[in-house]
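Worksheet: one structure, shown below.
The values are calculated or read from the model by the stated rules, or taken from the named source; none is laboratory data. Quick caveat: nothing in here was measured; it's all calculated off a predicted structure. Neighbour counts run over all protein chains shown; Cβ positions are idealised from the backbone, glycine included. Please note that ligands, DNA and RNA were not included when accessible areas were found on the heavy atoms of the full protein model with its side chains. Shrake-Rupley method; radii C 1.70, N 1.55, O 1.52, S 1.80 Å.
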Protein chains: 2
Amino acid sequence: MTSSAASGTLAGPASSEASTGRRKTTSAQVVDRLRERILSGDLPEGAQLRQEKLASELGVSRVPVREALHQLEAEGLVTLVTHKGAVVSGLSVDDLEETYEIRAQLEGWLLEQAMPILSERDYARAEALVVEMESDLRDESWSDLNWRFHATLYAPANRPRTLELVHKLYRNAYRHFPLPIRLTGGRERMSREHRMLVELCRKGDVAAAREHLTTHILLGARTLISRLKALRQKEAADESGR
Amino acid sequence: MTSSAASGTLAGPASSEASTGRRKTTSAQVVDRLRERILSGDLPEGAQLRQEKLASELGVSRVPVREALHQLEAEGLVTLVTHKGAVVSGLSVDDLEETYEIRAQLEGWLLEQAMPILSERDYARAEALVVEMESDLRDESWSDLNWRFHATLYAPANRPRTLELVHKLYRNAYRHFPLPIRLTGGRERMSREHRMLVELCRKGDVAAAREHLTTHILLGARTLISRLKALRQKEAADESGR
DNA sequence: TCTCAAATAACTGGATACAAAATGAGTCAA
DNA sequence: TTGACTCATTTTGTATCCAGTTATTTGAGA
């Protein structure tokens, strides 16, 4: 446990210190590492997180790992059961639906607030992102680009905390969908809806834009969730029929 | 540190264990304790939280205290600065305004969803709470009763996560206002607005009810915040002029 | 062979002790 | 007065030990 020669060991002082100028604490680094692995799906829903294993993998002691797990629990990424340990938390279908409803409400409001302030520059930037989404066909890039597109339209509302909250909901919901089923309704439909949204904003039709955005989110969610249900049923069938 | 005979020592296993049947972990108890003290204003904004002091006060070691602080940080109640320690976090005026705006959006939506399902029983319960608020003149009871009134009208919407989120925002915003200035516009106006809200729900006028609720929240916030500003300016003046 | 209970192992939660790192205050000299 | 330096305080991290709980295995009896 001394040499910490494991493959995934945390970066030495030099690397992270140099970039920020301010060295993060070990537990904060552990949080970042684990969050990344969870959000990326590397640690799938339901995975057991053993303190000792994580500690040795990362080359740290158990204390910062425990603190990291507590923090991740507060973020909703893991579930801590007393004396049983940490498990990467899942989200029920109901929870997912609710998350999307909250997003629809808050994003609709953000767009409404931003619209009077949106400028041609913002529209151009948003459309550039649509183009980027059309050209970058890697599935992994998509959800980030999609968020940036949306965020571009909300930014002028100047509601940083709301934006952060929505972003958190966005990431937390998205990770539950395996990559293959994320692109709801295909890229074409997404592009079409996104372009349409920008167009409505340009026209200055607040009500129509909000309506379109809300539908975009909720219908997307419905498709996504029904696919997830199908996938889970299939998995359950495979499991029992095996 | 051995005898743990301090006044605020955590309850022995017996008391909390008996009620739930499942003993909470020490760090969870510490979280509860600290959250309570912060939300009640006992630990005011900006207060330094010394690990060792808290640990000895509560009769526990530093480990659960640190874990608790990390969790509270994730909840937004304290700010952790590396190597400087934990401070009860404040909220800027901008943050407060934003919090109320989010509440207005989400609560408006909750009410809309709940309205078709609300029954005479719910109205009666809500009105009973209004009466209770009129008779219980203790300032400390008020914010809890107020929340219960609102929650009663949202409960049928059956959106537990949204309700929890809103509740968190509610508490987190409220604690920043010292007790004396909490009752915006006096009890009479509050009662009037609450009764009016119930009446609009009874009539089934969804749009009017939502509008009234939103205004109720946002105007209340504005009054509250302007008072807070005045208070802070006064404090600043006292400070420099002393 | 199957089932259930006791023994055992594994893991988490917590306490304590100690080392390391960083901050802030104070000191001292230029 | 300014600036560098030292030092006490505090947080952070590690190691070790122990207690309590859960999971697993073992073994006896049916």
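Observations on the structure shown:
- At the residue level, A:Ile217 shows approximately 10 square angstrom of accessible surface with a 1.4 angstrom probe and all protein chains present.
- Entries in A:Lys84/B:Lys24; B:Lys24/B:Lys84; B:Lys53/B:Lys168 that, when Cα-Cα distance is taken, lie over 18 Å: B:Lys24/B:Lys84; B:Lys53/B:Lys168
- Annotation: amide H-H contacts under 5 Å for A:Ala47 (H modelled 1.01 Å from N, sequence separation of 5 or more, or interchain): A:Val88.
- Over chain A, relative contact order from alpha-carbon pairs under 8 Å, at least 6 apart, %: 20 percent
- Within segment A:93-241: Cβ-based charge dipole about Cα centre, in debye rounded to nearest 20 (Lys, Arg +1; Asp, Glu -1): 120 debye
- Note on segment A:13-88: dipole from Cβ charges, positive end direction compared against A:Thr82, A:Val60, A:Val30; the farthest Cα belongs to A:Val60.
- Alpha-carbon Debye profile of the protein assembly as shown, log10 I(q)/I(0) at 0.07 Å⁻¹: -0.45
- Estimated FRET transfer efficiency when R0 is 60 angstrom, pair A:Glu127-A:Ala237 (beta carbons, to 0.05): 0.90
- D_trans [Stokes-Einstein, Kirkwood Rh over alpha-carbon pairs] for segment A:13-88, 10 °C, 1.306 mPa s, µm² s⁻¹: 124 µm²/s
- Taking the label point 7 Å along Cα→Cβ, B:Gln51 and its counterparts in the other copies are spaced 1.5 nm apart, in ascending order.
- Fraction of the pair-distance distribution of chain B above 27 Å, Cα-Cα pairs, percent: 46 percent
- Projected label points at A:Asp205 and A:Ile181, each 7 Å from Cα along the beta carbon direction, are separated by 3.4 nanometres.
- Label distances, nm, A:Thr82 versus same residue in remaining copies, Cβ-directed 7 Å point: 3.4
- Residue of chain B with the smallest Cβ distance to the axis mapping B onto A, distance rounded to whole Å: B:Ala74, 2.
- The same position B:Ser191 in the other copies lies at 6.4 nm from this copy, comparing label points 7 Å beyond Cα toward the beta-carbon, shortest first.
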